[in-house]
């Protein structure tokens with residue numbers, strides 16, 4: 001398996017993990033996490049940062065890789081937020097879309113800067 005193929009596989013697995021985490025209905029007896037740090041936002045930033053890093057590695061050319069990775073990860077995030085509107089106990093929000101996009105941009109730019 002080539003390096004690029006490995007990154008493509010990891011990208012698909014990452015998308016699947018994000019989809020499961022985003023679309024599974026939370027159990028009714030689980031209380032929300034109380035924290036001074038917005039845990040949900042941190043999870044969004046991390047998940048979409050990791051996704052964009054995997055998408056950077058999956059591309060053949062690095063010429064437009066940041067734009068492609070951020071665009072794909074953000075588009076996927078928009079899709080997940082829309083899908084959450086159909087799941088009881090979940091809500092899709094514009095701030096989450098923005099947080100997803102920021103995480104994707106940070107991940108892709110980090111890859112580009114340190115690669």
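The values are calculated or read from the model by the stated rules, or taken from the named source; none is laboratory data. Quick caveat, the model's predicted, so the values are computed rather than measured. A quick note on method: Cβ atoms are made from the backbone with ideal geometry, for glycine too, and the neighbour counts reach across all protein chains shown.
Taken over the stretch 40-66, residues that are outside any helix (DSSP H, G or I) and free of Cβ contacts under 8 Å to residues at least 12 places away in the same chain amount to 3. Among the residues of the stretch 85-115, count how many are out of contact with any helix residue (DSSP H, G or I) (no Cβ under 6 Å at 6 or more places or on another chain), assigned to a helix (DSSP H, G or I) and over 25 Å from residue 4 (Cα atoms). Number of matching residues: 3. I need the full set of residues from the stretch 9-23 which are buried (at least 17 other Cβ atoms within 10 Å of the Cβ) and at pLDDT below 95, in order please. Scanning the stretch 9-23 gives a single hit, 22. Within the stretch 67-78, residues that are surrounded by fewer than 23 Cβ atoms within 10 Å (Cβ to Cβ) sit with their Cβ atoms under 7 Å from residues that are outside any helix (DSSP H, G or I), at 6+ positions apart or across chains, in these pairs: 68/59.
All of (1) surrounded by 11 or more Cβ atoms within 10 Å (Cβ to Cβ); (2) in a loop (DSSP other than H, G, I, E, B) hold for residue 37 with one exception: (1).
The set of residues from the stretch 67-115 being farther than 22 Å from residue 41 by Cβ and modelled with pLDDT of 90 or more comprises 67, 68, 86.
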